[in-house]
Amino acid sequence: MLPPAFVEIAQLGKTYETPSGPAVIVRDFTLEVAQGEFVCLLGHSGCGKSTVLSILMGLNTPTTGGVVIAGREVDGPGTDRGVVFQAATLLPWLTVRENVRLALDQVSSRRPRGGAPRSVEMYLEQVGLAGQGDRLPRELSAGMQQRVGIARAFALEPRLLLLDEPFSLLDALTRMELQDTLMRLWEGSRRTVIMVTHDVDEALLLADRIVLMTSGPAAAVGKILDVRFARPRSRDDLVVDPEYFWLRDAVLTFLEEEAQGGSEPLCLI
């Protein structure tokens, strides 16, 4: 028996009015995500992945349908959701420690009495930034700034973690290091995660399921693939597993068919 849905996205649609008429970005997007599941949304640029994620964040309102998280309908932003964007959204006048402490202060009132205390230093150590708390964001590399963003998101102890292509602006080596950091943090907490990515190999490394979206306009769920590799995972183990190549080929075939049927170029990263 499948576990009950923790996140329910029902017939989600988003339409914008333009001078030339309504522009339908997403239509009838429906998905259920179990508690503790790691789901990746993958598709061509402009297919509405980030639109769906922004609605989950509460930063955008749907035209049709809705989102329910743990039995509560999303009607705006909330600290029950941790968010990491493409570029680190740190407050530049605050130190690394102060940026993470903002998250801890936001959720201090909901922490149960007698629970183990959480510290900024603990979260910084978990993302490899021990001893960096007094530095300002401008003194950090892009990868280190994203580490701060990840630490801040986990410090919220969110019910749902939403990641919008958080590693896409980083070089390949830094991207791999941060993927490993994210995997380690997720293994320790098993937060429910919905992540937007363009990177096929990243999705195969991280996800329990890959949700492939059709090319826009009026994008929807096109195909869902189960990723059943044992956890914890390593790249070395994945690339010798025949299932890895079958899944990768299935994703690329879907993307190629969508590219041929629409105007979007094929993107393999």
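Under Stokes-Einstein, with the Kirkwood radius over Cα pairs standing in for Rh, what whole-number D in µm²/s applies to the range 147-218 at 10 °C and 1.306 mPa s?
The diffusion coefficient I find is 121 µm²/s.
Compared with the dominant Cα axis of the chain, that is its longest principal axis, helix 96-107 is turned about 80°. Mean residue ellipticity at 222 nm from the helices of the chain, using -39,500 (n - 2.57) per DSSP H segment of n ≥ 4 over the full residue count, to the nearest 500 deg cm²/dmol? Taking each H run of at least 4 residues, the total per residue is -10500 deg cm²/dmol. A Stokes-Einstein calculation at 4 °C with viscosity 1.567 mPa s, built on the Kirkwood radius of the chain over Cα pairs, returns a diffusion coefficient of 67 µm²/s. Extension gain, Asp241 to Glu98, is 47.1 nm, computed as 0.36 nm per intervening residue step minus the present C-alpha separation.
Taking the C-alpha atoms only, the angle from helix 242-261 to the longest principal axis of the chain is near 60 degrees. Return one number: the angle in degrees, 0 to 90 and rounded to the nearest 10, between the long axis of the Cα atoms of helix 142-155 and the longest principal axis of the Cα atoms of the chain. The angle comes out near 80 degrees. Normalising the Debye intensity of the range 1-121 to I(0), with uniform scatterers on Cα atoms only, and taking log10 at q = 0.16, 0.18, 0.19, 0.23 Å⁻¹ returns -0.97, -1.11, -1.17, -1.36. Using a Gaussian network model of the chain in which every pair of alpha carbons under 10 angstrom is joined by a spring, one finds that among Tyr16, Tyr123, Tyr244 the greatest mean-square fluctuation is at Tyr16.
Laboratory data are not the source of any read-out in this text; all were calculated from the coordinates shown. In this text the structure is predicted, and so the values were computed from the model without any measurement.
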